[in-house]
Ligand code: NAP
């Protein structure tokens, strides 16, 4: 459905019946989720809004508890609240439970909260879109980083059949925590053994914040991977990170973090507004303009 001419002239008409959802994190100022969801809302002509929320870190639980009952339909949750969001939920999807983190909360009218994690499906969707035909079940995966993003990714990769995930993290103890969470298909690898694991990897994922803002990415020697390996960077600012540029220079297929971000937003939109995002709006082009990449 395209927006009515009236809506196009006056801009979004939010009535008293509008569905309200949003994203919560600290800081939240740089989140691209409001841009993405409100573009879809406008293109679908929905009476709805998607707003940013930045509760203070010590008041997160109070803030979320106050939303029980459904006055706000749902929230995406980002750094640093994903683990605490899961702990507050009454029910959680397998993915959220496995990941130990939630990036989506839905507030039901009976006062309960449902938690889900769409980061992993976003990653798998991005791989499907930009490395078409790659089978995550076919070869071991190397994941660089052991934070919240790595947790979501590993849960989805294991559920999709990845035979092994080798985890490298600056703080090795944090990688060991994930091994405890996920079990024997995940191994914590010291930095000095990374090269051996790269030679076997079908997929290499940067889930650290290295490279954010244009700095050097993780130092992994990507040319050690098999030629058909796929390299993913979750960092999307800049779009072509140093890590992805090195992968492309070595002839490996690459998947960017923006595609993952856009794909993780889709199931959230569906959960909030009860319909798929309209296909006719090119949110990737919009996001690229916002990032100064187009
Ligand atoms: P996080 O929980 O804060 O984890 C950060 C990770 O980066 C940890 O593994 C940390 O290692 C590592 N790290 C940070 N600085 C480092 C350094 N100087 N050297 C080596 N390792 C370093 O953050 P997160 O939520 O997992 O997010 C990680 C990245 O993914 C961020 O850039 C985020 O924007 C991006 N992300 C993208 C999407 C998307 O949709 N594209 C979704 C989620 C996240 P230690 O454990 O040693 O501190």
Length gained if residue 209 through residue 90 is fully extended, taking 0.36 nm per residue and subtracting the Cα-Cα distance, is 39.8 nm
Each label sits 7 Å from Cα toward the beta-carbon; between residue 108 and residue 14 the label points are separated, in nm, by 2.7
For the chain, the longest principal axis of the Cα atoms and the Cα long axis of helix 119-130 enclose an angle in degrees, to the nearest 10, of 70
The base-10 log of I(q)/I(0) that the Debye equation returns for segment 120-255 at q = 0.10, 0.13 Å⁻¹, one scatterer per C-alpha, is -0.26, -0.46
Semi-axes a, b, c in Å (a largest) for segment 210-294, each sqrt of 5 times a Cα gyration tensor eigenvalue, come to 28, 15, 11
The orientation-averaged projected area of the Cα convex hull of segment 1-143, in nm², is 11.2
Quick shape check on segment 55-122: root eigenvalues a ≥ b ≥ c of the Cα gyration tensor, a/c under 1.5 is rounded, otherwise prolate if a/b tops b/c, else oblate, and it reads oblate
Mean separation of Cα contacts under 8 Å (at least 6 apart) over the residue count of the chain, i.e. the relative contact order in percent, is 16
Hull volume per residue for segment 121-201, using the convex hull of the C-alpha atoms, in Å³ is 86
Semi-axes (Å, rounded, descending) of the ellipsoid equivalent to the chain per its C-alpha gyration tensor are 34, 23, 16
In degrees, nearest 10, the alpha-carbon axis of helix 172-182 is tilted away from the dominant principal axis of the alpha carbons of the chain by 70
Between the Cα axis of helix 257-273 and the main Cα principal axis of the chain, the angle (0 to 90°, nearest 10) is 40
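Since every read-out is calculated from the coordinates, none of them should be taken as a lab result. In this text the structure is predicted, and so the values were computed from the model without any measurement. We place every Cβ from the backbone using ideal geometry, glycine too, and count neighbours over all the protein chains shown.
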